[in-house]
Amino acid sequence: MSWRLVVADDDATLRRLLCLLLERDGRFEVAAEAGDGQQALDQVAATDADLLLLDLAMPHMDGLEVLTRLDRQARPRVVVLTGFAEERLCQQVLDLGAHACLQKGSDFAALLDRLAEVAAA
């Protein structure tokens, strides 16, 4: 079984790398990519994704706004991947409905395992 996900990050190079790693892992299928918050919302609505891998600092609409606008009933499970190391910020995204908050630069194997844990929960 593979989990479908939307990868949302404004850094196109990192987004592409994440997509390659996810596809290569075998447990995931990238349903769509998004370079900003509005695109993330649009792609979540257009796909039947199980997961949303969401950056916080994006143009047009940041990840916090995306979390507040996602329909809580039909939303995919959300894992936030951020460059900000503030514990308070991670608590805020969890309070807004994210299932996990990870730091950019984390070990990719650990990221993939955490995504699988969140998807399977």
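Every read-out reported here was derived from the displayed coordinates using simple, explicitly stated rules and does not represent laboratory data. Bear in mind that the values here come from a model prediction, so they are computed numbers and not experimental data. All Cβ positions, glycine included, derive from the backbone under ideal geometry; neighbour counts span all protein chains shown.
In nm, what is the difference between 0.36 nm times the number of residues separating residue 57 and residue 95 and their Cα-Cα distance?
Gain in length upon complete extension: 11.9 nm.
Once the piece of chain linking residue 45 and residue 87 is laid out straight, how much longer is it, given 0.36 nm per residue of separation minus the C-alpha distance between them?
Residue separation times 0.36 nm, minus the Cα-Cα distance, leaves 12.2 nm.
For segment 11-40 and segment 47-121, write down the distance between their C-alpha centroids in whole Å.
If we compute the Cα centre of each part, the gap is 13 Å.
What is the magnitude of the charge dipole of the chain about its Cα centre, with +1 placed on the Cβ of each Lys and Arg, -1 on the Cβ of each Asp and Glu, and no other charges, expressed in debye to the nearest 20?
Dipole magnitude for the chain comes out near 200 debye.
With no solvent and one point per C-alpha, what does the Debye sum give as log10 I(q)/I(0) for segment 79-121 at q = 0.16 Å⁻¹?
Once normalised to I(0) and log-transformed, intensities are -0.39.
Suppose only helical runs count, i.e. DSSP H with n ≥ 4. What mean residue ellipticity at 222 nm does that imply for the chain under -39500 (n - 2.57) per run, divided by all residues and rounded to the nearest 500 deg cm²/dmol?
The helix-only estimate for the chain comes to -13000 deg cm²/dmol at 222 nm.
Under a crude label model (7 Å from the Cα following the beta-carbon direction), how far is residue 69 from residue 24 in nanometres?
Simple spin-label model gives 3.3 nm for this pair.
Pairs of Cα atoms under 8 Å, at least six residues apart: use those to get the relative contact order of the chain, whole percent.
Reported as a whole number, the value is 23 percent.
Return the label of the correct value of Rg/Rh (Cα atoms, Kirkwood Rh), as calculated from the structure shown, out of [x] 0.91; [y] 0.99; [z] 0.94.
Checked against the structure: label [x].
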